[in-house]
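One structure below.
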Amino acid sequence: MTATTPRVPQEERTRAMRARLLEAAVEVLVERGWAGTTTTLVSERAGVSRGAQLHHFPTKNDLVVAAVTHVMEGRGGDLRAAFAAQQGASTRAVLDLLADHFTSPGFKAALELWVAARTDPDLLRAVAPLERRIGREAHRLTVDLLRADESRPGVRELIQATLDLCRGLGLADTLSDDRRRRARILDEWAKVLDKELS
């Protein structure tokens, strides 16, 4: 009697192929930017035929938006898990979590999409709702972890300024390794938050 290899169900093979395409799209986007990303490069990186890629994602926009959505939702899950593990953490530790989020490959890929969406109305229609949803969730998580009372005047704006600061630091990190300067800035911002939120 010969042993047979169990067949992987079609649905599972399709899901695995889509995941490879999405991960490859993010890798290529981070490495080459929006202009240098092509569906051919992505399908080659993923080890998927061009026809299979086109079947699931007919256009570059479809593929890249799906890839960044996939990664950002994954990062959102990671952020939620990290925040859950950090209940009661210091303000400075919360800022480190946010800084890590905004210097991740997922953020860099999203940044490429934002720049491209500025002049591409179709891409903007796909990207803007995703960014709003992720932004709202990051805001809510930050409020919870910092135990901030948004009913107090100015607190909501302070939380948004924190997110904007971390996003800006993530942007600076795309050009050079900015860790040392970022650490000094976050040290000072933690003092501001501790004073204003207490």
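Each value in this text was obtained by applying a stated rule to the coordinates, not by laboratory testing. Quantities reported herein were computed from a predicted structural model and do not represent experimental measurements. All Cβ positions, even for glycine, are placed from backbone atoms using ideal geometry, and neighbour counts span all protein chains on display.
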Two-site FRET efficiency, Trp114 against Ala52, from Cβ-Cβ distance with R₀ of 25 Å, rounded to 0.05
0.30
Which of His101, His56 comes first, and how do the rest follow, when ranked by fewest Cβ neighbours within 10 Å?
His56, His101
Relative contact order (percent, whole number), segment 1-160, Cα cutoff 8 Å, 6+ residue spacing:
22 percent
Cα centroid separation, segment 25-45 to segment 80-151 (Å)
23 Å
Rg/Rh for segment 85-195: what does it come to with C-alpha atoms and Rh from Kirkwood?
0.99
Going by alpha carbons, how many degrees (0 to 90, nearest 10) lie between the helix axis of 155-173 and the longest principal axis of the chain?
50 degrees
What angle, in degrees between 0 and 90 and rounded to the nearest 10, separates the Cα long axis of helix 10-36 from the longest principal axis of the Cα atoms of the chain?
60 degrees
Sorted by Cβ neighbour density within 10 Å, fewest at the top, the residues Lys195, Lys108:
Lys195, Lys108
At 0.890 mPa s and 25 °C, plugging the Kirkwood radius over alpha-carbon pairs of segment 146-190 into Stokes-Einstein gives what diffusion coefficient in µm²/s?
211 µm²/s
Below 25 Å, Cα to Cα, which lysines can Lys60 reach? Residues fewer than 8 away in the same chain don't count.
Lys108
Residues of type aspartates and glutamates that Lys195 reaches as a straight line, Cα spacing below 20 Å, ignoring anything fewer than 8 places off in the same chain
Asp96, Asp144, Asp149, Glu150, Glu157, Asp164, Asp187
Residue exposure sequence - Leu54, Leu123, Leu95 - by fewest surrounding Cβ within 10 Å:
Leu54, Leu123, Leu95
In nm, the gap between the two label points placed 7 Å beyond Cα toward Cβ at Thr174 and Ala161 is 2.5 nm
Mind checking the angle between helix 91-101 and the chain's longest principal axis? C-alpha axes, 0 to 90 degrees, to the nearest 10.
30 degrees
Integer Hz, Karplus 6.51/-1.76/1.60 couplings in order for segment 117-132, x for Gly and Pro
5, 4, 10, 10, x, 5, 5, 4, 4, 7, 7, 4, x, 4, 5, 4
At 222 nm, what helix-only mean residue ellipticity would the chain give, in deg cm²/dmol to the nearest 500, using -39500 (n - 2.57) for each DSSP H run of four or more?
-26500 deg cm²/dmol
Check: segment 66-197 dipole with +1 on Lys, Arg Cβ and -1 on Asp, Glu Cβ, in debye:
140 debye
